[in-house]
Amino acid sequence: MSDSTTVLEQHELFRTTDPSTACARNSAILRRHSLRVIGDGPPFEAVHCAAGLGTMSVHRWSFGAAVEISATRDAGADAYLVTVPCRGRIVDAEGRGRADAGVIANPFRPFSACWSPGCVALTVRIESAVLARHLASVLQRPVATGPVFGPVFDLRGPGRAWVRLVRAWIELAEVSPTRLGRAPMAAAIEQSLMTGLLVAGRHDFSEALLGADTTPAPLRRVLERVERDPGAVGTVVELAAAAGLSVRALQDNFARYLSTTPTAYVRETRLRRAHADLLAADPADRGAVGVVARRWGFGNLGRFAREYRTRFGRRPAQTLREPPGGASDPR
């Protein structure tokens, strides 16, 4: 297998000795963040290579010098970034990490990581909606959100096997790009990598994946109804009646199997749909926020704006005006 520190070298996107330029380019490709050079070690030289694997993208990037990368909560950061060191060490904001560990940045949430001098890393970018759909398919039930991973990705055992799978697909894609670029093959690659990540990473659905789905049929019917049209969902009393359960029994089912409440589940589903619509809306449409809010069951625009900001870290109008950049970069 090829040296991981040189993989994707035929797909170089940029090379620069200017930290500001590197930060701007990497932000457009992956997600918005800040970059700070640490200490007086090797000179700074950023290199970024990337290639697509279906809807995913794989990146090899480095900085030469030791750096700290940090990002705030961001509604435009709609992807998981799984980063593993090919050389050197990466630790999270709490100093957690080893030579045999990587880090995972969850969508929309803040993160911070420090790279050692000379570190070269491989990052797999997976869109949040794609992984959420795959998780629902594996669990055979709807999910309100995608998994939330712990910040440290253990590269021993299953984690190491997952990285080997990533590298193997990269090599196959480089020697046979036409075949692997076709839709059926690209989908198979994505599914294998997502399934492997769900098994290898530690997240809030790990226990559910280890056992068979024991979700009761009445609760499953409620989840399917909410996912089908969350904007039309009525009260908890109506949901309970549709499931043939008492309100207390429905609440107990949500708490036991989903660790949430019916109201919170419906709200989260509505917010996700509204967020997706705002990202796709015309920024020049001044009435878009109101239309989207009403479409997904938010009758009070002020309350919608508050709940949206709490969930995504920005106002709905900001998402409308400032959609994620980098459309021309590999995703």
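The values are calculated or read from the model by the stated rules, or taken from the named source; none is laboratory data. As the structure is a prediction and not an experimental result, all values here were calculated from the model. All Cβ positions, even for glycine, are placed from backbone atoms using ideal geometry, and neighbour counts span all protein chains on display.
When you go through 245, 320, 250 one by one, which is the residue that is part of a loop (DSSP other than H, G, I, E, B) and more than 19 Å from the chain's Cα centre (by Cα)?
Just a single option satisfies the conditions, and that option is 245.
For every residue, the table says whether it meets (1) within 23 Å of the chain's Cα centre (by Cα); (2) in contact (Cβ under 8 Å) with a residue 12 or more places away in the chain; (3) crowded, with 17+ Cβ neighbours inside 10 Å.
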{"site": "8", "(1), (2), (3)": "yes, yes, yes"}
{"site": "13", "(1), (2), (3)": "yes, yes, yes"}
{"site": "30", "(1), (2), (3)": "yes, yes, yes"}
{"site": "34", "(1), (2), (3)": "yes, yes, no"}
{"site": "39", "(1), (2), (3)": "no, yes, no"}
{"site": "53", "(1), (2), (3)": "yes, yes, yes"}
{"site": "65", "(1), (2), (3)": "no, yes, yes"}
{"site": "75", "(1), (2), (3)": "yes, yes, yes"}
{"site": "82", "(1), (2), (3)": "yes, yes, yes"}
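Here is a list: 162, 115. Which entry is without any contact (Cβ under 8 Å) to a residue 40 or more places away in the chain and either closer than 21 Å to residue 50 by Cβ or outside the structural domain of residue 33 (by TED's automatic domain parsing) (or both)?
162
Anything in the stretch 57-104 that is at pLDDT below 90, closer than 30 Å to residue 320 by Cβ and among the aliphatic types (A, V, I, L, M)? List them, or say none.
75, 77
Report every pair of residues separated by at least 6 positions or lying on different chains whose Cβ atoms are under 7 Å apart, first residue within the stretch 248-273 and assigned by TED's automatic domain parsing to the domain that holds residue 297, second modelled with pLDDT of 90 or more and of a type in the set (Gly, Ala, Ser).
From the stretch 248-273, the pairs are 250/240; 270/297.
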